Amino acid sequence: MQNEVPMTNQVGYGMSRRQFLASTSLAGAVGLLAPRALFGRNDVVSAPGLVEKARNAAESATITVQRLRGNISVLMGAGGNIAVLPGRDGKLLIDAGFAGARPKIAEALAGIGSDPIKHLINTHWHFDHTDGNEWLHSAGATILAHENTRKHLSASTRVEGWAFTFPPSPAGAIPSDVFSNERTLDLNGANVALKYYEPAHTDSDISVHFTNSDIIHVGDTFWNGYYPFIDYSTGGSIDGMIRATEANLTKVTHKMIVIPGHGAIGDKSQLASYRDLLAAVRDKVAALKKQGKTLDEIVAAKPTAAWDAKWGGGFMSPRMFTGLVFEGF
Ligand SMILES: [Zn+2]
């Protein structure tokens, strides 16, 4: 259990801030179906190797395919959730997963249909959603994303939370088409509406709404059933996450299927629970911080205790999530 690791491995108890952030966010990047044992107590402090480990773990990942509706499926298990829409215009993928999972992703895609891979949209720039960009491009996909995804993939980009500096991506992995606010596509008989969030999980997050089938992929603004990672290095914040979730709740109806960046396929009621969680923890931590309490003291006060049973079972432990919320104001 992550909560049971020695205190020296936890925020505020002898672990540097960088190590703390590394342990939180790399865990999230691996994808929720990766073996938790990967992040045993010895690994938690070896931050520089964690991006590599996340990529390596993808090679042994199990990919599951879940059929939704309107001919749309989702692939889970190798980074962020990947939505797939096949058809006469060629397959459209929402997010690329880890490159190391290529053989299994390719196999899953072939199982969905024989159409060639033609279109890829990235929900944001993080490597667990874009690592496969290069191979998918080589297989025939043109890549579309928010302009900040192209910016971060084009340059050397540091994520303090992962104690890792990503080098510029290879040319083929960089989106050739970008937008700043919104874009609408007509592919495979589906209307696909893309919309930029203001900075939330990063400064490059978009939603992808299949309007005919009423399915929306909301990227890493939503972790269904798990405390989320928030990337402050590239514009994310707890308040941005709450705003993005409010925006999702405004758009999502009770009939809509919601694909989160991580976690199981969800719906409006789960989004509402997630909004309540984020807002409540934010307010608790803010109140304690306003009283002048340190991060150590706030962690010791267990401000997430009421939610841990439901949301704390993933890679983001209650302590780690508290630290990310603390950083936000
Ligand atoms: Zn992310």
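The values are calculated or read from the model by the stated rules, or taken from the named source; none is laboratory data. These figures come from a predicted structure and were not determined experimentally. For neighbour counting, all protein chains shown are included, and Cβ atoms are generated from backbone atoms with ideal geometry for every residue, glycine included. Protein only, heavy atoms only, side chains kept; ligands, DNA and RNA dropped before computing areas. Shrake-Rupley method; radii C 1.70, N 1.55, O 1.52, S 1.80 Å.
Numbers below:
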| read-out | value |
| --- | --- |
| Accessible area (Å², 1.4 Å probe, nearest 10) - SER156 | 80 |
| Accessible-area value, ARG150, 1.4 Å probe, nucleic acids and ligands omitted, Å² | 90 |
| Accessible surface ranking that places the most exposed of ASP186, ASP131 first, with a 1.4 angstrom probe | ASP186, ASP131 |
| Simple spin-label estimate for ALA306 and ASN191 in nanometres, 7 Å along Cα-Cβ | 4.0 |
| Sum of side-chain charges, PHE329 neighbourhood, beta-carbon under 15 Å (Lys, Arg +1; Asp, Glu -1) | +3 |
| Area of LYS104 that stays accessible when all protein chains are in place (1.4 Å probe, Å², to 10) | 70 |
| Fraction of antiparallel bridges per DSSP, region 174-329 only, in percent to nearest 5 | 75 |
| Within region 51-76, backbone nitrogen closer than 20 Å to the virtual label 7 Å beyond the Cα of ALA106 toward Cβ | 55-65, 75-76 |
| Which of ASP296, ASP220 is most accessible, then next, and so on - probe 1.4 Å | ASP296, ASP220 |
| Flagged links, alpha-carbon separation over 21 Å, of LYS151/LYS195; LYS290/LYS310; LYS118/LYS268 | LYS290/LYS310; LYS118/LYS268 |
| Label zone at ASN181, where the point sits 7 Å out along the Cα-to-Cβ direction: region 194-209 residues whose backbone N lies under 13 Å | 195-198 |
| Modelled label reach - ARG243, point 7 Å along Cα→Cβ, region 147-181 residues with backbone N closer than 15 Å | 181 |
| Whole-Hz couplings from phi, Karplus 6.51/-1.76/1.60, listed for region 307-322; x for Gly and Pro | 10, 4, 4, 8, 10, x, x, x, 6, 7, 6, x, 4, 5, 5, 4 |
